[in-house]
Amino acid sequence: MHQPARMCYGRGVDRRWSSAHSETFRHRQPWKDVRMIAGRTLAALVFALLVPVLGLASSGGAMAGEERVITRIEPTASKAGLSIRFTLTGKTGVRTFAMKNPDRIAVDFDNTVPAVAFDQLPDNALASTVRHGLVTADRYRVIFRLKAPAAALVSERVEDGRQVVDVALTAPGGSLDGVGQVASAAAEPSAPRSGDGLPARAAGPRKLTIVIDPGHGGDDKGAVSPSGTMEKNVNLENARLLRDLLRAYPNVDAELTRNSDVFIPLDARAASARELGADLFLSIHADSIHYKALRGATVYTLSEDASDELSRQIAANENASDRFAPKGFQETSPEIFDILLDLTRRETVSFSEHFASALVADLSKRNIELIKNPKRSAGFRVLKAPDIPSVLVEMGFLSNDKDEKLLKDDAWRRKITSAIAESIIGFFRGGQADALKAAERRG
């Protein structure tokens with residue numbers, strides 16, 4: 001049976017983040033996902049080999065939670081664009097959405113694991129590179145990095161108990177004729193659809209989505225000043241202020257990973273940015289250090305090797321938050337983590353570094369006190385969201401009396417959050433992001 005074709009022109013439907021959403025997401029325990037990936041991928045390979053040997057077949061309707069295996073991927077390029085055919089062992093949910101800076105199209109498959117490699121595209125394809133992997137235990141994602149903005153047309157059908165998914169990438173306004181066999185005449189007419197099965201947005205300026213993470217929360221107080229000021233409260237107050245300032249800009253959405261005093265594991269915070277389709281993930285903190293004279297703001301990016309001893313200590317403090325995670329929580333296996341980190345961070349590390357540099361410069365222009373060498377890096381777990389530029393801002397040190405007073409002062413709080421908001425808007429709307437994207441394409 002042929003499913004209606006659906007078109008993806010831009011980002012999927014907005015998801016408003018709330019305390020209730022936060023609680024629901026927290027109980028999903030996404031930090032357990034990556035521990036299952038290696039074993040499931042191996043099982044998929046074995047299953048794919050057994051299907052033709054034992055004559056195994058899946059029924060057209062997938063049972064709840066039943067896992068599917070991608071057994072074949074066939075890319076085809078033409079003058080009109082690029083088509084990719086995926087063959088699965090049974091029917092499952094498929095979604096598409098677009099990402100910017102750089103331009104990418106993503107295809108998500110529910111309860112699916114791959115049994116084939118997919119690392120090469122035909123010459124002269126509309127996409128320059130392809131990456132794929134399991135982003136959670138029950139979601140397989142394929143990401144096409146585009147040479148130019150493109151639309152994605154998806155059609156599905158079931159043949160002999162197997163699902164065939166055709167994805168066609170074409171430049172806006174271009175014809176789909178000749179793009180493989182994706183735009184099948186047998187497809188039922190349908191309105192354009194977004195990646196979540198809802199009507200796609202009308203063409204127009206794309207909404208910029210910023211996810212702000214108030215560090216710590218719940219039983220995890222974070223740093224505590226000698227006078228008793230708790231970091232978790234400072235972070236939430238400043239994150240709310242930054243959110244409201246960003247929402248005042250046209251066509252900008254800002255969401256919080258938590259909007260109340262609740263504990264959320266680090267991996268869940270990063271995963272929420274993916275759930276919300278973030279263009280930028282910004283984690284807000286105010287740490288404490290044994291050296292009481294140290295004061296000023298710092299901007300951190302992700303690096304497996306800390307840029308200095310102070311950065312290593314700060315990262316260790318922030319990463320220790322997961323000691324408050326529910327019983328049974330375990331860190332990701334190092335081997336799996338290294339694979340996922342390489343897969344998900346290649347395209348965003350440069351963007352994160354450029355934004356961090358711009359933010360430091362903008363904070364300095366606004367006369368915000370900065371520590372010496374304010375742009376630093378370390379292995380912050382919360383910054384490991386795939387495909388999303390991520391930075392962590394330490395607004396100051398609660399261990400320093402002057403910084404503590406500023407962090408609680410309404411005028412100063414508005415000053416630093418306004419500087420951060422203006423820096424974000426200037427970077428994304430002022431051409432820096434587009435210039436960086438163009439430079440990456442030339443490289």
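Going by how many other Cβ atoms sit within 10 Å of their own, how do I425, I368 line up, fewest first?
Arranged by neighbour count, lowest to highest, I425, I368 become I425, I368.
Could you tell me the calculated FRET efficiency between E74 and S418, based on Cβ-Cβ distance and R0 = 51 angstrom, to the nearest 0.05?
Efficiency at R0 = 51 Å is approximately 0.50.
Test of understanding: what is the full-extension gain from H290 to E159, defined as 0.36 nm times their sequence separation minus their Cα-Cα distance?
Going from the current span to full extension adds 40.6 nm.
Length gain on complete extension for the stretch D244 to K100, per 0.36 nm per residue less the alpha carbon to alpha carbon distance?
Gain in length upon complete extension: 49.5 nm.
What distance in nm lies between label points placed 7 Å from Cα along the C-beta direction at F118 and K365?
So the label points at F118 and K365 sit 4.2 nm apart.
Under 5 Å between amide H atoms, partner at least 5 residues away or on a different chain: which partners does L370 have, H built in plane at 1.01 Å?
A297
Once phi is turned into θ = phi - 60°, what whole-Hz ³J(HN,Hα) does the Karplus curve with 6.51, -1.76 and 1.60 give for every residue of segment 107-115, x standing for Gly and Pro?
Along segment 107-115, the couplings run 10, 10, 10, 7, 6, 9, 10, x, 10 Hz.
Once you have the Cα-Cα distance between R139 and A411, take 0.36 nm times their residue separation minus that, and quote the gain in nm to one decimal.
Roughly 93.5 nm would be gained on extension.
A short reminder: the numbers here are calculations on the coordinates, not readings from a lab. As the structure is a computational prediction, the values presented were derived from the model and not from experiment. Positions of Cβ are backbone-derived with ideal geometry, glycine not excepted, and every protein chain shown enters the neighbour counts.
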